[in-house]
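Enquirer: Quick one: the structure is below, questions incoming.
The values are calculated or read from the model by the stated rules, or taken from the named source; none is laboratory data. Just so we're clear, the structure is a prediction, and the values are computed from it rather than from any experiment. Cβ sites come from the backbone with ideal geometry, for glycine too, and all protein chains shown count toward neighbours.
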Amino acid sequence: MGYSTEDVIRLVRENNVKCIQLWFTDILGMLKSFSLPASELEKALIKGVNFDGSLMGGSTPIEENELIALPDPNTITVLPWQSQGHRIAGLFCDINNPDGTPFEGDPRYVLKRMLSKIAQDGYKLLIGTEVEFCYFKSSSNAEIIDRAGYFDLLPLDNTSEIHESTMLMLEEIGIHVKYSHHEASPGQHEIDLHQTEALTMADNVMLLKYIIKKVAHERGIYASFMPKPMYGYKGNGMHVHQSLIKGRKNAFFDSNDTFLLSDVAKKYIAGTLLHSPDITIVLNQWVNSYKRLVPGFEAPEYVTWAQKNPSTLVRIPELQAGSESALSVEVRSPDSACNPYLTFAVLLAAGLNGIEENTTLPESVNSNIDRMTYEERREAGIITLPQDIHEAIALAEKSELLKNTLGEYVFNKLLRNKRIIWDEFRSLVTAHEIKKYLPIL
């Protein structure tokens, strides 16, 4: 894109923008922002803006008192709504230390560091996403808003106008939507984004979630990315489609292979499978995440791959004739409450490790794994993802790949946060326990 400071200033003036939002994320992937009058934008673009950096650690504040938010000119976005009659624009920021060096706790920096690594070998990573979310009547409970299912319209889906308005807003600001539709669960929708470069996609996912929530709020309802908000229904995933590009070629594509997979792709998938248990803490970072990763709800529990099997962790989508160069590796375990910067970084690291170590890809699994017995799965060498966040923490703690990818700073802060939320959860006495055990014990 290549916007300069002058380009951004001109765009802001041409659109009569009066307010600038500066966006960044904490380690947990929560979007943060502060606002500037447009008159302060040029200075912010050149020098950055000082802010209290203690919030970058999420719910476990960090010690740093001051950091610098430096807007990335390439992310300038004129928003499709107004404040008190004035246009608003926003930019994503890189977070620096006061001396100008990158702040190691910035999730955007973690991803940029991994992308710089593959750029040295002439690669870039393209990513497409399928983001699922639910509409509820309020944020206080999961009271459903419709009884619709896959691809339904009125009268079953009474919220199609809302997600369609969201889709049009995304298109208006340059985020290219593949399609949107009602999903399987009541009140559940999905918006799929076309592939783009990984850093742009991470920014786009954060902006998509912001816009989804804002459009819902303006219509008096609540949009949630909670991984499993309703018992007995499908949870909210974020399938991630990856393609490694070298020059103008898709390095994953080989027309002579049964699955159209190159050796690079096979090793990349093998690395993803090998390290998926270790990196699950990033892809599924909440206690509630593991209630989605159970059999029977189209979310992967088993570490396998295939082309058509919906219960596998990694899937190779079938391609339309003439679109073979668009081949991608789809990872289906992340949920839509993950931090996209860290998620894309660790998925890339796992795949690259498979390439670097010449990891052998196991046989694809085309049978319904949910119907296999434990003994059949063990004999086939099929392992499971972590069953809860406690197990995920234990696996992550031993992972050198995870520590090297996140950097020691983010690695330690993230795990500290996860230990805290696990301790909170395991000491909680639930309504289920009271109902089940109080009358008999």
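Enquirer: Which condition does LYS398 not pass, out of (1) at pLDDT below 95; (2) farther than 17 Å from ALA270 by Cβ, if it passes all the others?
Expert: Checking LYS398 against (1) at pLDDT below 95; (2) farther than 17 Å from ALA270 by Cβ, the one that fails is (1).
Enquirer: Given the criterion aliphatic (A, V, I, L, M), more than 22 Å from PRO300 (Cβ to Cβ) and within 17 Å of the chain's Cα centre (by Cα), identify the matching residue among LEU193, LEU168, LEU199. Before the answer, list the steps.
Expert: Working: LEU193 fails: more than 22 Å from PRO300 (Cβ to Cβ); LEU168 fails: within 17 Å of the chain's Cα centre (by Cα).
Checking each option against the conditions leaves just LEU199.
Enquirer: Kindly evaluate GLY232 against the criterion of being of a type outside the set (Val, Ile, Thr), within 30 Å of LYS137 (Cβ to Cβ) and either outside the structural domain of TYR374 (by TED's automatic domain parsing) or without any contact (Cβ under 8 Å) to a residue 12 or more places away in the chain (or both).
Expert: Working: of a type outside the set (Val, Ile, Thr): yes; within 30 Å of LYS137 (Cβ to Cβ): yes; either outside the structural domain of TYR374 (by TED's automatic domain parsing) or without any contact (Cβ under 8 Å) to a residue 12 or more places away in the chain (or both): yes.
Yes, satisfied.
Enquirer: Would it be correct to say that ASP335 is under 19 Å from the mean Cα position of the chain (by Cα), at pLDDT 95 or above and surrounded by fewer than 24 Cβ atoms within 10 Å (Cβ to Cβ)?
Expert: No: the conditions fail for ASP335.
Enquirer: Give me the pairs: first residue in segment 367-389 and touching a residue at least 60 places away in the same chain (Cβ under 8 Å) and among the hydroxyl-bearing types (Ser, Thr, Tyr), second residue buried (at least 16 other Cβ atoms within 10 Å of the Cβ) and not in a helix (DSSP H, G or I), beta-carbon distance under 6 Å, and six or more apart or on different chains, which are they?
Expert: THR384/GLU301; THR384/TYR302
Enquirer: What pairs come up if the first residue lies in segment 10-22 and is assigned by TED's automatic domain parsing to the domain that holds PRO80 and assigned to a helix (DSSP H, G or I), the second is surrounded by fewer than 18 Cβ atoms within 10 Å (Cβ to Cβ) and of a type in the set (Phe, Trp, Tyr), and their beta carbons are under 8 Å apart, counting only those six or more places apart or on different chains?
Expert: So the pair list comes out as LEU11/TYR3.
Enquirer: Going by the conditions given, is PHE344 in contact (Cβ under 8 Å) with a residue 24 or more places away in the chain, among the aromatic types (Phe, Trp, Tyr) and within 30 Å of LEU55 (Cβ to Cβ)?
Expert: Spelling it out, PHE344 is indeed in contact (Cβ under 8 Å) with a residue 24 or more places away in the chain, among the aromatic types (Phe, Trp, Tyr) and within 30 Å of LEU55 (Cβ to Cβ).
Enquirer: Let me ask something else. Just to be sure, is LEU293 surrounded by 24 or more Cβ atoms within 10 Å (Cβ to Cβ) and either in contact with a Pro (Cβ under 9 Å, 6 or more places away or on another chain) or assigned by TED's automatic domain parsing to the domain that holds MET226 (or both)? Give the derivation first.
Expert: Numbers: surrounded by 24 or more Cβ atoms within 10 Å (Cβ to Cβ): yes; either in contact with a Pro (Cβ under 9 Å, 6 or more places away or on another chain) or assigned by TED's automatic domain parsing to the domain that holds MET226 (or both): yes.
Judged against the criteria, LEU293 is a match.
Enquirer: Do the conditions hold for HIS189, that is, is it in contact with a His (Cβ under 9 Å, 6 or more places away or on another chain), loosely packed, with under 15 Cβ neighbours inside 10 Å and within 30 Å of ILE76 (Cβ to Cβ)? It would help to see each step written out before you state the result.
Expert: Values: in contact with a His (Cβ under 9 Å, 6 or more places away or on another chain): yes; loosely packed, with under 15 Cβ neighbours inside 10 Å: no; within 30 Å of ILE76 (Cβ to Cβ): yes.
It is false that HIS189 is in contact with a His (Cβ under 9 Å, 6 or more places away or on another chain), loosely packed, with under 15 Cβ neighbours inside 10 Å and within 30 Å of ILE76 (Cβ to Cβ).
Enquirer: Taking the condition of being closer than 24 Å to SER289 by Cβ, surrounded by 15 or more Cβ atoms within 10 Å (Cβ to Cβ) and among the β-branched types (Val, Ile, Thr), how many residues in segment 352-389 meet it?
Expert: The total comes to 5.
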